[in-house]
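The values are calculated or read from the model by the stated rules, or taken from the named source; none is laboratory data. This structure is a prediction, so every number in the text was calculated from the model and none was measured. No Cβ is skipped: glycine too gets one built from the backbone with ideal geometry, and neighbour counts run over all protein chains shown.
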Amino acid sequence: GLYTLMDLTGRPAFLLRYKIQDTAPYPVSGWQVFRVVRQVLFNQLVVGIPFGLVAHQLLVWRGYDRSHQLPTFHWVLFELAVCVLVEEAGFYYSHRLLHHPRLYRHVHKQHHEWTAPIAITAIYCHPLEHLCSNLLPPLLGVLLLGSHPATAWLWFSVALLSTLNAHSGFHLPFFPSPEAHDYHHLKFNQNYGVLGVLDRLHGTDQQFRRTAAYRRHVMLLSLAPLKDLWPDEGKKSLQ
């Protein structure tokens with residue numbers, strides 16, 4: 001909600017200095033946001049609710065931790081780490097498959113209408129993509145481990161906030177860097193994963209690693225925008 005308010009109004013203005021693609025039209029129009037919201041609601045209601053019901057039945061069939069006692073802190077950390085790695089594999093390979101020309105044209109192209117993404121476009125996509133890339137990968141780790149509901153909901157919250165940040169278009173202080181996925185929207189054929197581990201393994205980040213965006217791909221620990229330190233090549237030559 002806060003991201004969308006900022007995307008519609010361009011305020012607070014002091015945050016605009018953290019915009020990654022600051023040459024893209026901004027703020028965005030209400031009609032653009034309406035089109036996104038319409039698809040997002042469809043995905044959440046028509047795809048998400050039935051998926052949730054099926055996921056619950058799968059967890060019941062597999063068996064999961066129904067204890068009234070919360071899991072220990074170190075076990076939660078272990079399960080979160082497993083979920084992160086499983087999601088990385090599930091998202092990378094499903095996402096890369098969606099870039100096959102036949103699937104891209106009919107399915108994934110909708111998500112890439114936004115070359116400069118905003119947060120709400122995180123699940124602006126074809127329903128099939130929402131199922132295969134947005135819903136299944138985060139569930140797989142929980143299903144594999146039979147996680148306690150508290151751990152599962154913590155993980156789902158982390159995954160949701162992560163994808164909102166990755167699509168926000170802002171590299172804000174003390175937030176995980178969204179530079180890699182923002183670059184994916186800009187260039188299409190780089191950075192298919194979440195963590196970047198499989199991109200490095202398969203060489204699908206080679207172009208990205210030669211850019212200023214890659215040097216900026218760290219958590220910002222000050223209030224000075226990283227693009228002031230590492231501007232894009234075209235801007236650097238003008239300074």
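Being over 19 Å from the mean Cα position of the chain (by Cα) and among the hydroxyl-bearing types (S, T, Y) is a property that T204 lacks. Would the range 50-67 turn up any residue that is of a type in the set (K, R) and within 22 Å of P149 (Cβ to Cβ)? Yes, there is a match, as at least one residue in the range 50-67 is of a type in the set (K, R) and within 22 Å of P149 (Cβ to Cβ). Of the residues making up the range 84-136, those that are farther than 17 Å from L161 by Cα, small (G, A, S) and either in a helix (DSSP H, G or I) or in contact with an Asp or Glu (Cβ under 7 Å, 6 or more places away or on another chain) (or both) are A89, G90, S94.
Test S222 against the criterion of being outside any helix (DSSP H, G or I), within 12 Å of the chain's Cα centre (by Cα), more than 17 Å from Y92 (Cβ to Cβ) and in contact (Cβ under 8 Å) with a residue 24 or more places away in the chain, and give yes or no. No, not satisfied.
Yes/no per residue for (1) modelled with pLDDT of 95 or more; (2) within 15 Å of the chain's Cα centre (by Cα); (3) under 30 Å from W61 (Cα atoms); (4) not acidic (D, E):
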| position | (1), (2), (3), (4) |
| --- | --- |
| H106 | yes, no, no, yes |
| I123 | yes, yes, yes, yes |
| H126 | yes, no, yes, yes |
| E129 | yes, yes, yes, no |
| L140 | yes, no, yes, yes |
| T163 | yes, yes, yes, yes |
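So which residues in the range 163-209 are farther than 20 Å from L15 by Cα, touching a residue at least 60 places away in the same chain (Cβ under 8 Å) and assigned to a loop (DSSP other than H, G, I, E, B), if there are any at all? The answer is F188, N189, Y192, G193, V194, L195, T204. Return yes when V40 is under 30 Å from H148 (Cβ atoms) and surrounded by fewer than 14 Cβ atoms within 10 Å (Cβ to Cβ) and no when it is not. It is false that V40 is under 30 Å from H148 (Cβ atoms) and surrounded by fewer than 14 Cβ atoms within 10 Å (Cβ to Cβ).
Going by the conditions given, is Q190 modelled with pLDDT of 95 or more, surrounded by fewer than 18 Cβ atoms within 10 Å (Cβ to Cβ), of a type in the set (S, T, N, Q) and under 23 Å from K109 (Cα atoms)? The answer is no for Q190. Any idea how many residues of the range 120-153 are touching a helix residue (DSSP H, G or I) at 6+ places or on another chain (Cβ under 7 Å), surrounded by fewer than 22 Cβ atoms within 10 Å (Cβ to Cβ) and of a type in the set (G, A, S)? Qualifying residue count for the region: 1.
Being outside any helix (DSSP H, G or I), within 23 Å of the chain's Cα centre (by Cα) and among the hydroxyl-bearing types (S, T, Y), is that true of even one residue in the range 28-44?
Yes - at least one qualifying residue is present in the range 28-44.
Considering (1) over 20 Å from G196 (Cα atoms); (2) part of a helix (DSSP H, G or I), the lone condition that P71 does not fulfil carries the number (2).
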